[in-house]
């Protein structure tokens, strides 16, 4: 995690101003609170070297608004954790970043989401190259009903990332190694991926994602279906992966957010309440709602 | 009053006992401190009462109906004159029929005096029997009802008894299908054995010629009878293959469109429409095949210089294929929908397009279920009769040319059994052998299909 100290320190200056924004105490009980008392995002939502920039993002499911005016940066090689109570919109927001919400007909996204200079929601933007650059790991391990090898080779195959079979072998091996799964499966690459344990399956899914060499990896509660030992392995892996990739992770576990992320974003009822360095969020939250959530008073 | 009336009155009375039992339970509850002191809900006591009163009465009624006529006719026959008793069985039956007609419709001209006497005796016996039945039923009912009434207490475990009764009812319903299947199998099996006594099994299985005409008299011209079933099974196979070539791609693609591409509004409109195809009677498909499709194929073939017979395997196969489309599409649609969304998300998340996701992830995951569906459709195609009877012809050609007329197993069974038949000629009996073969084949196919589907089910649970 030390590797990434630099971008964080740089972010410090950029966000210094928003730190000072005065906060009003919520007038009502936070549990039943309305959007009115959430107000502007506190902390430092912006990064100096952003990989992805989101500005004034609104998301609607039909008539219902799920995300209200969220602005956030994810810096290069940064791990940003998104936490918040169920239904607060953190997963919805994450799925906007590689347009996974496109599969839901009634979902509409407004505002600006950029991957470096690429406008993610530009009408002419094809989702296929976008998703090759912004990969995703899901809540439940979802290996395809194919062999371990074919699972990892799937992405390189559909994107045509290799010329010779040996190149593909290499991609598969490297990806499995980086997902620290190689040692466990190298002797049974051609047995079905569904035969692995839950934790192994999830690492297989991570290997499958990194085989495409994305720039950003989105993780939607990647450990919620796993036991503590498998979780620890994945968390180690995230720290390792952040050297090469930019990671946005949604999690229900505050300890996990504290362990793996550089910055933490707290969502509440579709609004981004507070973003700050992870340590700061968990030791000295600035917003009442954040404090209430991390001290376990609701959520 | 005949049996159906007795039955209706009895059913109504038994229904009343439900309310009686419930009333009794409520009373018991009041006596012992409210409904909560009852072991079960009052409706269970009602059902228990109805069950106890109903089952013995219905059994008695059923037994009476079974043996009533037999016993009475025995009694009548014994009182007939010695001369009649010495007649052969079928003539005695004829005489008994006359007696029973006399009893119902009055004496006709030519009725012997002993017949009239027997008819009167028969009539009185029947009346007695019915009165006795009513008396028995009523007393049985009353006794049971009083006993149940007296024995019923707040501690009676009505619910568990009713549940047990219900379980038996379900078991009986389930076994109806099994017993029917067994009955069919045995009846077909015994007739087939008789057939194989006159025609060797090897000739039937491997013979290449089918012409079931047997000479009835030794000097008759035409047909010494050839019972090689190969042309029939080849015809069945040909037509089924054509049908599957139509139905599998069309059905599968329809299913993919419906489950992956169609908007919910389109889906909810198209799916029922597609299933309407399954509701069209096969005889309607049959004349569509015979009167519209077959001439069309013949004329089109004529235009490009092919000679197509007016009853072709192609016409029957095409129409049968269309008939099976909803079968394939509906089953495939179900299994495609059962593929977890997370698998699709996984592929989309890697940047796969929709068609790549479907081809490489969804279909492979759903494949066992789809195969199961297709096998069920095949057994449907093999057993289909009406379309082929009308559109495929009767000539047992051994050919692989879909433009010629062929015949199928089912068509031959129909033609063999239509009209007056002698049940001791191999011609008629061969229908049973064919049926047995067909049954075995579809049974095996269904079994394999079920195995495949079952294997698939285990995958996601």
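Rule-based calculations on the coordinates, nothing more; no lab input. Quick caveat, the model's predicted, so the values are computed rather than measured. Reconstructed Cβ throughout: ideal geometry from the backbone, glycine too, with neighbour counts over all protein chains shown.
Relative contact order for chain A: 27 percent, from Cα pairs under 8 Å spaced at least 6 residues apart, divided by residue count.
Can you put B:429, A:226, B:303 in order of Cβ neighbours within 10 angstrom, beginning with the fewest? Least to most surrounded, the residues fall as B:303, A:226, B:429. The C-alpha atoms of chain A define a longest principal axis, and helix A:198-210 lies at about 90 degrees to it. Along its three principal directions, the equivalent ellipsoid of chain B from the Cα gyration tensor extends over semi-axes of 53, 43, 18 Å, largest first. Here the Kirkwood formula, the inverse mean of 1/r across different C-alpha pairs, assigns region A:174-273 a hydrodynamic radius of 14.4 Å. Shown for B:52, A:182, B:210: other C-beta atoms within 10 Å of each C-beta, ranked fewest to most, produce the order A:182, B:52, B:210.
Can you tell me which of B:252-259, A:117-124 comes out highest on packing, and rank the rest after it, using the mean Cβ neighbours within 10 Å?
So the order, starting with the most tightly packed, is B:252-259, A:117-124.
For region B:3-156, averaging the sequence separation of C-alpha pairs within contact (under 8 Å, six or more residues apart) and dividing by the residue count gives a relative contact order of 31 percent. Computed on region B:287-330, the Cα convex hull volume stands at 64 Å³ per residue.
Computed over every Cα-Cα pair of region B:312-367 and binned at 5 Å starting from 0, the pair-distance distribution P(r) comes out as 4, 18, 20, 15, 12, 11, 9, 6, 4, 1, 0 percent. Structural descriptor for chain B: relative contact order 16 percent, calculated from alpha carbon pairs under 8 angstrom and at least 6 residues apart. Against chain A, whose longest principal axis is taken from its Cα atoms, helix A:228-241 shows a tilt of about 90°. In summary, region B:135-218 shows an alpha-carbon radius of gyration equal to 2.31 times the 2.2 N^0.38 Å reference for compact globular proteins.
Region A:176-219 and region A:271-299 have Cα centres spaced 33 Å apart. Over the protein assembly as shown, the fraction of Cα-Cα pairs per 10 Å bin, rounded to whole percents and listed from the shortest bin up, is 2, 10, 13, 13, 13, 15, 13, 10, 6, 4, 2, 1, 0.
In degrees, nearest 10, range 0 to 90: what is the angle between the Cα axis of helix A:148-159 and the longest Cα principal axis of chain A? For A:148-159 against chain A, the angle is about 70 degrees. When the alpha carbon gyration tensor of region B:3-156 is reduced to an equivalent ellipsoid, the three semi-axes, largest first, read 50, 12, 10 Å.
Normalised Debye scattering of region B:9-82 at q = 0.22, 0.23, 0.27 Å⁻¹ gives log10 I(q)/I(0) of -0.89, -0.93, -1.07, counting only Cα atoms as equal scatterers and leaving out solvent.
How many percent of Cα pairs in region B:66-149 exceed 14 Å? Cα-Cα pairs of region B:66-149 separated by over 14 Å account for 68 percent. DSSP beta bridges fully contained in chain A are about 55 percent antiparallel.
Sorted largest first, the spans of the alpha carbon positions of chain A along the three principal axes are 61, 43, 35 Å.
Return A:164, A:208 ranked ascending by Cβ neighbour count within 10 Å, so the fewest neighbours appear first.
A:164, A:208
Using every Cα-Cα pair within region B:234-307, state what percent have a distance larger than 18 Å. Cα-Cα pairs of region B:234-307 separated by over 18 Å account for 61 percent. Put simply, region B:210-459 fits an ellipsoid with semi-axes of 41, 21, 14 Å; these come from the alpha carbon gyration tensor as the roots of five times its eigenvalues, largest first. In the protein assembly as shown, what % of DSSP beta bridges are antiparallel (nearest 5)? Percent antiparallel among DSSP bridges in the protein assembly as shown is about 60.
Working from label points 7 Å from Cα in the Cα-to-Cβ sense, the residue B:124 to residue A:124 distance is 10.8 nm.
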